[in-house]
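Contents: one structure, followed by commentary.
Read-outs throughout are calculated quantities, based only on the coordinates presented, and are distinct from any laboratory measurement. Not measured: the values here are computed from a predicted model. Counting neighbours? That spans all protein chains shown, and the Cβs are built from the backbone with ideal geometry, glycine included.
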């Protein structure tokens, strides 16, 4: 197994040369909103080594900022000795080659921002409820803090998994290649 980082500039060159296959590991709505031209969609929660194309081209996995891409790379190479995959450093957020992006009609917040908004709102509202109504509401803020701690230590965010299953993050529009 071999996982290598690849810079957006190098990946863009590979794209122009046609020497790489790009796999987007974000959720369908994120993909529909914006993705690299010709990319395949295989959300990180469902991707497996069987989803990788059998090709002599380089295989580049990417997400919004690189974290889910790294998770997907680890997932598909686990137990495989002869597979090399590349994780796009910084994800699509770092991709500067706008002429290589397809933008859909859908506009959806990236999953990481949805997580940040949900946690921020939960902590703020529970803190206000603890101040104005009853101190026990501080437990909700503690719950969110424990979730962040677990996500940081394990690399797995339960809230992101839950939000990914929400209707607004499911396939919308056209263009998702499976």
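Between 130, 121, the distinction of being in contact with a helix residue (DSSP H, G or I) (Cβ under 8 Å, 6 or more places away or on another chain), assigned to a helix (DSSP H, G or I) and at negative phi belongs to 130 only. For residue 18, the conditions (1) over 19 Å from residue 160 (Cβ atoms); (2) in contact with a helix residue (DSSP H, G or I) (Cβ under 9 Å, 6 or more places away or on another chain) are fulfilled apart from (2).
Just a yes or no: is a residue in the range 33-47 more than 13 Å from the chain's Cα centre (by Cα) and at positive phi? Yes, there is a match, as at least one residue in the range 33-47 is more than 13 Å from the chain's Cα centre (by Cα) and at positive phi.
Of the helices (runs of 4 or more DSSP H) lying entirely inside the range 1-115, those containing at least 3 residues that are exposed (fewer than 14 other Cβ atoms within 10 Å of the Cβ) are 8-17.
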